[in-house]
1. Could you list, in sequence order, all residues of the stretch 100-113 that are charged (D, E, K, R) and either on the phi > 0 side of the Ramachandran plot or at pLDDT below 75 (or both)?
2. Tell me yes or no: at least one residue of the stretch 94-114 is among the hydrophobic types (A, V, I, L, M, F, W, C), under 17 Å from the mean Cα position of the chain (by Cα), within 27 Å of residue 32 (Cα to Cα) and not in a helix (DSSP H, G or I).
3. Any idea how many residues of the stretch 117-153 are of a type outside the set (Val, Ile, Thr), more than 15 Å from residue 55 (Cβ to Cβ) and over 16 Å from the mean Cα position of the chain (by Cα)?
4. Within the stretch 87-103, track down each residue that is exposed (fewer than 15 other Cβ atoms within 10 Å of the Cβ) and not charged (D, E, K, R).
5. Test residue 9 against the stated conditions and say whether it is part of a helix (DSSP H, G or I) and surrounded by 13 or more Cβ atoms within 10 Å (Cβ to Cβ).
6. Does residue 136 satisfy being small (Gly, Ala, Ser), assigned to a helix (DSSP H, G or I) and either surrounded by fewer than 11 Cβ atoms within 10 Å (Cβ to Cβ) or in contact with a Leu (Cβ under 8 Å, 6 or more places away or on another chain) (or both)?
7. Among (1) farther than 29 Å from residue 21 by Cβ; (2) of a type in the set (Phe, Trp, Tyr); (3) at pLDDT below 80, there is one condition residue 97 misses while meeting the rest; what is its number?
8. Could you give every pair whose Cβ atoms fall below 9 Å, whose first residue belongs to the stretch 38-52 and is within 17 Å of residue 63 (Cβ to Cβ), and whose second residue is surrounded by 11 or more Cβ atoms within 10 Å (Cβ to Cβ) and of a type in the set (S, T, N, Q), counting only separations of at least 6 or pairs across chains?
Amino acid sequence: MIKSSLERILFASRWLLAPFYVALVLALLALLAKAGVRVYDVATQFASLDEDSVLLAALGIVDLTLSASLIVIVILSGYANFVSRIDVEAHKDWPRWIADVDFSELKLKLMASIVAISAIKLLEAFMDVDRESDRALGWQTGVLATFVVAAVLLALADRIGHRQGGAR
């Protein structure tokens, strides 16, 4: 009886994750507001901006978009994996991948998103190389390389794990 009660409590504790996902929705709204501010800044200063400044502004919006997409992936797949199933059939507009992403795929999607965001940040820095120090560029390049290596190693480990798991 104690074991059964403990298991019910532990299983019900998954709902404690729900407020974290709500907090991520609020963070998504904050990113949307930041994107709106950037678009407003570009629109109001458009006549005085050169091509590089417009490109930098666009890269900043791409960066915010990738970050927002990362948050959506975490919200939807995290909720579906750890809190409760999502009935995709009941919501015809919902992406099908929501119900199919397992924890392993979630890790790979997160790493791929982090690599993409880091690459955009590095591209922004190289586009504005006059204002960036060599040290900052070096660190950003090193961080991106570290993320790429980590993503490749994670993908290889996942592939090896699936291959070994399938042989059983």
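1. Residues satisfying the conditions are 100, 102.
2. yes
3. Residues flagged as of a type outside the set (Val, Ile, Thr), more than 15 Å from residue 55 (Cβ to Cβ) and over 16 Å from the mean Cα position of the chain (by Cα) within the stretch 117-153 amount to 12.
4. Passing the criteria: 90, 91, 94, 95, 97, 103.
5. No, not satisfied.
6. Answer is no for this residue.
7. Single failed check for residue 97: (1).
8. These pairs meet every condition: 42/53.
The values are calculated or read from the model by the stated rules, or taken from the named source; none is laboratory data. Treat the numbers as computed from the prediction; the structure is a model and nothing was measured. Counting neighbours? That spans all protein chains shown, and the Cβs are built from the backbone with ideal geometry, glycine included.
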